[in-house]
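Colleague: Handing you a structure now.
The values are calculated or read from the model by the stated rules, or taken from the named source; none is laboratory data. Everything numeric in this text was worked out from a predicted model, so none of it was measured. Quick reminder, even Gly has a Cβ in these numbers, built from the backbone with ideal geometry, and neighbours come from all protein chains shown.
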Amino acid sequence: MPVKSTRGFWPQFRSLAASILVIALLTTAGFELHFNNATVVLLFLLVVVMHALTGRTLASMIVAMFAAACLDFFFLPPIFSFRVDDPLDGLALSVFLIVALVVTWQVSRVRVEAQSARRYSTEVEQVYDVAVRLLLLKPEEVAGAPALKVFLEVVGCTAVSLFDASTAEVVMEGTSLHDLASRTREAYIFGKDTDEPACDTCVRCLKIGNATAGAIGFEGVPTAASISPALPVLAAAAVERARNFRRAAREEAAVQAETFRTAILDALAHEFKTPLATILAVVGGLRESERMGPEEIEMAGIIESETSRLNILATRLLRLARLDREEVKPRIKSTNVAALVDRVVRRYAAQFPERRISVNCQCPSAEAPADRELLDLALAQLLDNAIKYSIPDSAVTIDVTIEGDCVAIRVRNQGGSISLHDQERIFERFYRGTEVRNLISGVGLGLYVARKIVVSHGGRLSLDKSAPPGAVVFFLELPAFRNISHHVPVHC
C-alpha cells in the first residue's frame, strides 16, 4: 500500500510544482513588462484551468489560491499588499477558486464515467465469451468441469466451484486455498451471496425463477465488483440445461425400457402358448387311451386343468401386451352386463374353488353398448387383482347396479389398503405398488389396459377412495342404453 501512495503522490507533486512555477514566471514577466491586469488574469486563469484538468481537487485549489495571491499582491492596488479595496477585484480573485473547483469536478465525473464505460465494455466481452463457449459445450458437460474451466479462463481467477442442487454435488476447477467448495455449498444452504475480501472469494446463488438451483463460487478475484451479475445467470442457465438433458435422457430410457418390456411380454406369451397347446393335446390323447388307471386319469385331469389355466393366462398376457401397444377399437354391441359379469365369476370360481366369490346383481337385465370380449378382459383383470391381493380366506364380491344412466360395477375384496402414493399411480403403465412388488408376481400392465378398455367405451375406471379400512373397491362405470329399443348410448 505505501508503494501505491508514493507512486500516486509524485506525479501529483510534479504537476503542482510545475503549475506554481509557471504562475511565478508569468508573475515575474507581467510585473517587469507591465502587463495590464486583464492579460494577467487570463494567463493565470489558463494555468488554473490546465491544472484543474488533472482532476486533483486539492492541488487545483492550491494553484488557484497561489494565482489569486500573486494577482492581488503584484497587480491589484494597493500593490505589494494582500488588501483588496475594490469589491470587484475580490470577485475576480474568487473566480480562480470557482473555476478550479468546477473544472476539477467535471473532469472527475468524466473520468468516473469513462472508467464505468470501460468496465461495462469488459463485462460485456467477458459475458459474451462465456456464453459462446458454454453454448459450444455438449449438454452433459455444461454443469461439469469443462464449464467451470470456461469461467476460470475468462474471469482469470484461481479456482471456481459449482454446486448443483439437483444432484447435491460440488464440482471444482482450479486450486483453492480457502475451501471454496464448502463455502459454495454453504451459500446455497443459507440462500445468501457471500463476499470475503480477506480470502479473495465471492459466491453467488443461482436463481431460476424464484427457486435457487445452486451456487457458484470464485476465488482469487480482485474485488467482488469484478464478477459481472450476468455470470451467475449464465451458470444458472447451464445448470438448467444440464438438468433438462438428464431429464430427457431418463424419459427416453424409460420409453425404450417400456417398449422392450412390452415386446418381451409379447414374445414370452407366444413362446408359452406353443408348448402349452402341445401339452393339452398329449394329455387329451392319454386320457382317451385305455391304458391308464383311475389315479393316472385323475393326475392327467389335473395336468390338463392347470395347463388350460396357464394357457388362459398366456392368452391374457398376449392380449394385454397387444392392447398396450395398439389403440383400443371396441366393436360395440348391446351387451347384458349382468350376464357377462356372472360368466366371468363362474369361470374364476371354477379356477379358484377355495375362494368365496359372489355376485350381487340388482338389475339382471342391465344392458350397455360394449365389446363383450374386451369388457370380459377388463372384468377378468379386476377379479384377478381382487383374488391375488386379498386375504386367502376372505370373500370377493362383485356388485352390479344401475346408477342414473350408467351401469356400475364394484369389485370388492378384503386385504391390505393401498397407500395414498400408490393410489395416484396404480393405473400407470407397468407400475406396481411399493408394498407388493417384491411379494406378488406381476408386470403392472393389467389395470392400465383395463382402464384403457373402459375409457374406449366412454366409461371410467377408478379406485373407490371412500371404501372402509381394510377393503379395496374398484369402481367401473359404463354408459347404459337409455332406450333399449333405439340403442342410444348415454355417457356418464
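Colleague: Just the residues that are surrounded by fewer than 16 Cβ atoms within 10 Å (Cβ to Cβ) and touching a residue at least 12 places away in the same chain (Cβ under 8 Å), please, taken from region 26-49.
Modeller: 31, 37
Colleague: Looking at 384, 405, which one is in contact with a Pro (Cβ under 9 Å, 6 or more places away or on another chain) and either touching a residue at least 60 places away in the same chain (Cβ under 8 Å) or aliphatic (A, V, I, L, M) (or both)? Write out each step before concluding.
Modeller: Values: 384 fails: in contact with a Pro (Cβ under 9 Å, 6 or more places away or on another chain).
That would be 405, the only listed residue that is in contact with a Pro (Cβ under 9 Å, 6 or more places away or on another chain) and either touching a residue at least 60 places away in the same chain (Cβ under 8 Å) or aliphatic (A, V, I, L, M) (or both).
Colleague: Something else: Any residue that is buried (at least 23 other Cβ atoms within 10 Å of the Cβ) and without any contact (Cβ under 8 Å) to a residue 60 or more places away in the chain - is there at least one of those in region 220-233?
Modeller: no
Colleague: Can you give me the ranges of the strands (runs of 3 or more DSSP E) entirely in region 105-218 with at least 3 residues that are in the same structural domain as residue 240 (by TED's automatic domain parsing) and among the aliphatic types (A, V, I, L, M)?
Modeller: Those strands (runs of 3 or more DSSP E) span 159-164, 169-174, 201-208.
Colleague: Can you tell me which of (1) small (Gly, Ala, Ser); (2) surrounded by fewer than 17 Cβ atoms within 10 Å (Cβ to Cβ); (3) modelled with pLDDT of 80 or more; (4) under 30 Å from residue 394 (Cα atoms) is the one residue 301 doesn't meet?
Modeller: For residue 301, the exception is condition (3).
Colleague: OK, next. Would a scan of region 60-81 turn up a residue that is under 15 Å from residue 102 (Cα atoms), in contact (Cβ under 8 Å) with a residue 12 or more places away in the chain and under 60 Å from the mean Cα position of the chain (by Cα)?
Modeller: Yes, that holds for at least one residue.
Colleague: Another one. Considering only residues that are among the small types (Gly, Ala, Ser) and at pLDDT 80 or above, look in region 65-90 and name the one that is farthest from residue 41 (Cα to Cα).
Modeller: Applying the filter and picking the extreme gives 69.
Colleague: If you check every pair at least six apart or on different chains, which have Cβ atoms under 7 Å apart with a residue in region 124-139 that is under 17 Å from residue 236 (Cβ atoms) first and a residue that is at pLDDT below 85 and in a loop (DSSP other than H, G, I, E, B) second?
Modeller: From residues that are under 17 Å from residue 236 (Cβ atoms), the pairs are 126/228; 127/228; 134/142.
Colleague: Separate question: Just name the residue that is surrounded by the most Cβ atoms within 10 Å (Cβ to Cβ) out of those in region 168-204 that are among the hydroxyl-bearing types (Ser, Thr, Tyr) and over 15 Å from residue 235 (Cα atoms).
Modeller: Checked region 168-204; the qualifying residue surrounded by the most Cβ atoms within 10 Å (Cβ to Cβ) is 201.
Colleague: Given (1) touching a residue at least 12 places away in the same chain (Cβ under 8 Å); (2) touching a strand residue (DSSP E or B) at 6+ places or on another chain (Cβ under 6 Å); (3) part of a helix (DSSP H, G or I), where does residue 349 come up short, assuming only one miss?
Modeller: (1)
Colleague: Specify the residue that is surrounded by the most Cβ atoms within 10 Å (Cβ to Cβ); the eligible residues are those in region 93-148 that are closer than 22 Å to residue 227 by Cβ and among the polar types (S, T, N, Q).
Modeller: Taking the candidates together, the pick is 126.
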